[in-house]
Every structure is written in structure tokens, then in C-alpha cells.
1. Which value, in debye to the nearest 20, describes the size of the charge dipole of the stretch 26-116 about its Cα centre when Lys and Arg Cβ atoms bear +1, Asp and Glu Cβ atoms bear -1, and nothing else is charged?
2. Cβ neighbours within 10 Å, averaged per peptide: list 88-97, 40-49, 108-117, 134-143 in order, most packed at the top.
3. Once you have the Cα-Cα distance between ARG82 and LYS129, take 0.36 nm times their residue separation minus that, and quote the gain in nm to one decimal.
4. Show me the three semi-axes of the equivalent ellipsoid for the stretch 29-185, from the C-alpha gyration tensor (sqrt of 5 times each eigenvalue), largest first, rounded to whole Å.
5. Given the pairs LYS48/LYS160; LYS43/LYS75; LYS48/LYS75; LYS158/LYS191; LYS131/LYS191; LYS96/LYS128, which span a C-alpha to C-alpha distance of over 18 angstrom in this model?
Amino acid sequence: MSLFRKIFGLKNTPEDNIKSEERGKYMPEIKLPVDEQFTINFKANGGKFLYCENMQEIYDSLNAILNENNWGEEKVLLFDERLNELFTNFEFNTTKRISESTYFFSTCEYLISDDGSLLISSNQIAEKKLKELPDNFIIYATTSQFVQNIGEGLRGIKGKNRDKIPTNITTIKHFKTIEDKDFLTYGSSSKNLYLLLLEDL
């Protein structure tokens, strides 16, 4: 029965009865695809999401982020040298010193759908704690990095790094400003985060 019918007391149509009969109360819930589920949860966490179909769109989106925040000349904390190669046209003013940096540019291990978080490790943040890093994050990821939950992500990390499993594995989940935080986010590090997501499937 639709919301309007409930509000205005309108009678059911035969279609409503068919729909409720098709899905009984013991039927399992309809599960959203992992990408859709991630998008909903990520935005609910306060993240900024930019979906891109190709690398040119990624470059355009990154340019827009830098211009919007006036970060073009600012120093960027960048540990992952592959990003320097991938975004060579940007000529980033990079630093390894956190105190000098305005924003952090990185990849992530996986995108966790069931809570909209990003799984990262020492591959991205070395041995640093999240709270030590700048408040502003730009994360580059691809659609092949979606997993349902943290367990799947951890298995993926283990599978990809059989020789040497990375340390310092953690998730970034809260992307709201400090004022927006409530007691449920106490103790976690909140970041202003932009996600550049490339379609690669």
C-alpha cells in the first residue's frame, strides 16, 4: 500500500494485493547491489562522491576539487608514488611532512558497502594514525574495489599480499565536520573526504 493511500485512507487496488502476496513476511530482504549500497551509506556518512567513467573525467573532477578549495598551490601529503605517475600532469607540490600539508591524496584497499567506509592500510598511510593526517582527503578508487563487508576486504588484502601482509589496517568511516559528530563517532577520526571513483568493470 502506497504512502499516499495510507495518509488519505484510499482503498487498496488489486495490484497492491498481488505485490504483498508475492513477497511474504518470511521472504529474505531484497539486497541492493554493492555499489548502490556503498553510495547510500557513504553519502550518509558525509562523504563527497564523484563517479567517473574514464580517466579524463577523473582529471576534470580532481581539477574541480582543487579549484573549489583553492588547493592548487598547496602542499599535498602523498605516500603512494603510483599516484604521482598516474596524475603526472598535475605537478603536485608534494611533501612527506604532515605538518606542511593541506590535504592527503591517496588510494584505498577496498570500498566497504555495508557501512560506506574505506578500508586502508600501511600501503596508503604508512604507519601513521588517521588523526595525525590532514583533515582533507582525496581518495582515488575503482569500482572493482567494492566488497560487501570488512571481512571480505581483509581476505582480499591477504590474498593480494601473500608475501608481506600490510600492517596498520583500518577504516575511514566518518566524513562530517567535528560539529556534526555525535557520541556514536566519539574516538574516531572525522575527515572531509572526496572519493574519485573510476568505472573499471
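1. The dipole of the stretch 26-116 has a size of about 240 debye.
2. Final packing ranking: 108-117, 134-143, 40-49, 88-97.
3. Contour length minus Cα-Cα distance gives 14.8 nm.
4. Numbers: eigenvalues 116, 72, 61 Å².
Here the semi-axes work out to 24, 19, 17 Å.
5. Working: LYS48/LYS160 28 Å; LYS43/LYS75 27 Å; LYS48/LYS75 21 Å; LYS158/LYS191 27 Å; LYS131/LYS191 9 Å; LYS96/LYS128 11 Å.
In this structure, LYS48/LYS160; LYS43/LYS75; LYS48/LYS75; LYS158/LYS191 lie more than 18 Å apart at Cα.
Since every read-out is calculated from the coordinates, none of them should be taken as a lab result. In this text, all values refer to a predicted model and were calculated from it rather than measured experimentally. As a convention, Cβ positions derive from the backbone with ideal geometry for all residues, glycine included, and neighbour counts pool all protein chains shown.
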